[in-house]
1. Pull up segment 244-280, narrow it to residues that are closer than 28 Å to GLU133 by Cα and among the basic types (Lys, Arg), then point me to the one that is most open to solvent (accessible area, probe 1.4 Å).
2. Would you confirm whether any residue within segment 348-364 is in contact with a strand residue (DSSP E or B) (Cβ under 7 Å, 6 or more places away or on another chain), surrounded by fewer than 17 Cβ atoms within 10 Å (Cβ to Cβ), modelled with pLDDT of 95 or more and hydrophobic (A, V, I, L, M, F, W, C)?
3. Given the options LEU196, LEU166, name the one that is in contact with a helix residue (DSSP H, G or I) (Cβ under 6 Å, 6 or more places away or on another chain) and either more than 25 Å from ARG281 (Cβ to Cβ) or among the aliphatic types (A, V, I, L, M) (or both).
4. Would you point out the residue of segment 281-301, among those that are open to solvent by less than 40 Å² (accessible area, probe 1.4 Å) and assigned to a helix (DSSP H, G or I), that is nearest to the ligand (Cβ to nearest atom)?
5. Can you find a residue in segment 68-91 that is in a helix (DSSP H, G or I), in contact (Cβ under 8 Å) with a residue 60 or more places away in the chain and among the small types (Gly, Ala, Ser)?
6. Among residues belonging to segment 378-402 that are β-branched (Val, Ile, Thr) and more than 24 Å from the chain's Cα centre (by Cα), point out the one that is farthest from HIS208 (Cα to Cα).
7. With (1) touching an Asp or Glu at 6+ places or on another chain (Cβ under 9 Å); (2) in a helix (DSSP H, G or I); (3) open to solvent by less than 30 Å² (accessible area, probe 1.4 Å); (4) away from the ligand (no atom under 16 Å from the Cβ) as the list, and LEU103 as the residue in question, which single condition is left unmet?
8. If you check every pair at least six apart or on different chains, which have Cβ atoms under 9 Å apart with a residue in segment 245-264 that is more than 15 Å from ILE234 (Cβ to Cβ) and away from the ligand (no atom under 11 Å from the Cβ) first and a residue that is outside any loop (DSSP other than H, G, I, E, B) and among the basic types (Lys, Arg) second?
Amino acid sequence: MSQFDYDLFVLGAGSGGVRAARIAAAHGARVGICEYSRVGGTCVIRGCVPKKLLVYAAHFAEDFEDARGFGWDVGPVRFSWPDLIRAKDREIDRLNQIYLSLLSNSGVTLYPQRGSFIDPHRLQVGDELITAEHILIATGGYPWVPDIPGVEHVITSDEAFDLPELPRRVAIVGGGFIACEFAGIFNGLGSEVFQLYRGDAVLRGFDHDVRRVVGAEIQKKGVRLMLETEVESIRKTQQGLELLLHDGSTLEVDQVMYATGREPNIWGLNLKEIGLDVRLRGRIVVNDFSQTNIKHIYAVGDVTSRVNLTPVAIYEGHAFADTVFGGTARPVNHEFVPSAVFSQPPVGTVGPSEEEARIHYGAIDVYRSEFKPMKHTLSGRDEKTLMKLIVDRESQKVIGIHIVGADAPEIVQGFAVAVKSGLTKERFDCTIGIHPTAAEELVTMRSPEQG
Ligand code: NDP
């Protein structure tokens, strides 16, 4: 009989923690897990899932407009934010229940409490003292906001999902994933949206063509994109909130949402006290097996700040459980992880940007196509689709795909298999396209750009 209460104790029941707990239990481990918020974590409760539901809702505004070009007379339409939020909440409640059932059906014991380390094998979980042979930290991240005067008036994505009403005017600060996604959501639903970004093009780190096209398209849809703009302070006025900008001008809105990044959630865990290697901004250092410097303590997901995406956390959690409890050593490879930004239009991407590829691969061929999607020949909408392939010239492998346009995330998910598998441009060329689709462009581009 083990001297420990559990073979594995997991801190945090989000995507990574729940997957790891379930798989470890299936391998025969005695598993406990604690969560002080709702089981499901950021993605399910206040991230990817509710966000995508709101993106769908926002897109109807365009769909109604576009329908006219196809002979439809849609008539007057009305949108109810409270109805949408209620519907979204019902779906999140359903998913939360599924996650709870997954844990109990796997025989995992849930503690709806906060956990923290007493020493490397002992945890304080609520009022209980629990010992575990292995411990997994899967506590995720939280929205980080710069400390400027008036910051107490701002919301983050956490609160945006539960606003009692749709703001008439909203300022969104940031140019990353969340800022671009919420700019599209609020804009589609009818708010006047100002997106304030300190840089000269949104989505830093993405391919420069993606950044250019997204910036142009979201402005065409009505988002007031204010680049190279910094907020000095925020104050409450009788009419709303007033932002003082770095150039001395002011902007008045009803709601200010900051989307200025997320940080690892290690508060109160006592990691430094037990000697765990924690770096800048709380990132837990792990090896390819998600193992920390203390051999029986592991960490997965956003708390490790490797690639902060839900499917990555799930993959890391599963690989950890297989490695430690399943007898199969599974290192995690973070190369060619596809991702999407659910902006409007959305972005789908896998592999390095053109700039990164030039640095890491040297000679590359770039194939690029920008066109008006077929649907908009009748809708009349002025929206462009961008498709881009990056090919390593020496090996002729396709190393990057970047798309901005309808269904980009769906398209890239499929093509990511080809890129991850190291297929060459010749393999793309000998694949017959499906006509008429936008994605056929990826197998019909024949001439690389010059230069
Ligand atoms: P990002 O890191 O994507 O973007 C943060 C933005 O805030 C950047 O534009 C950054 O500017 C800006 N910023 C940072 N500090 C300041 C500051 N002090 N003042 C003003 N602006 C600042 O973070 P998000 O919050 O958008 O998202 C967090 C993470 O969540 C993402 O990195 C992603 O991993 C994940 N996520 C994934 C999604 C998906 O897969 N679809 C959706 C949502 C989130 P600069 O570029 O100049 O540094």
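The values are calculated or read from the model by the stated rules, or taken from the named source; none is laboratory data. Nothing here was measured: the structure is a model prediction, and the numbers come from that model. Methodologically, a virtual Cβ is constructed for each residue, glycine included, from the backbone with ideal geometry; neighbour enumeration extends over all protein chains shown. When the accessible area is computed, the model is the full protein with side chains, heavy atoms only, and any ligands, DNA or RNA have been set aside. Shrake-Rupley method; radii C 1.70, N 1.55, O 1.52, S 1.80 Å.
1. LYS272
2. There is no residue in segment 348-364 that is in contact with a strand residue (DSSP E or B) (Cβ under 7 Å, 6 or more places away or on another chain), surrounded by fewer than 17 Cβ atoms within 10 Å (Cβ to Cβ), modelled with pLDDT of 95 or more and hydrophobic (A, V, I, L, M, F, W, C).
3. Values: LEU196 fails: in contact with a helix residue (DSSP H, G or I) (Cβ under 6 Å, 6 or more places away or on another chain).
LEU166 is the lone residue from the list that is in contact with a helix residue (DSSP H, G or I) (Cβ under 6 Å, 6 or more places away or on another chain) and either more than 25 Å from ARG281 (Cβ to Cβ) or among the aliphatic types (A, V, I, L, M) (or both).
4. Applying the filter and picking the extreme gives GLY301.
5. Taking every residue of segment 68-91 in turn, at least one turns out to be in a helix (DSSP H, G or I), in contact (Cβ under 8 Å) with a residue 60 or more places away in the chain and among the small types (Gly, Ala, Ser).
6. Residues of segment 378-402 that are β-branched (Val, Ile, Thr), as a first pass: 385, 390-391, 398-399, 401.
Remaining after also requiring more than 24 Å from the chain's Cα centre (by Cα): 391, 398.
Values: VAL391: 16, VAL398: 18 Å.
Of everything passing the filter in segment 378-402, VAL398 is farthest from HIS208 (Cα to Cα).
7. Of the numbered conditions (1) touching an Asp or Glu at 6+ places or on another chain (Cβ under 9 Å); (2) in a helix (DSSP H, G or I); (3) open to solvent by less than 30 Å² (accessible area, probe 1.4 Å); (4) away from the ligand (no atom under 16 Å from the Cβ), the odd one out for LEU103 is (1).
8. PRO264/ARG281
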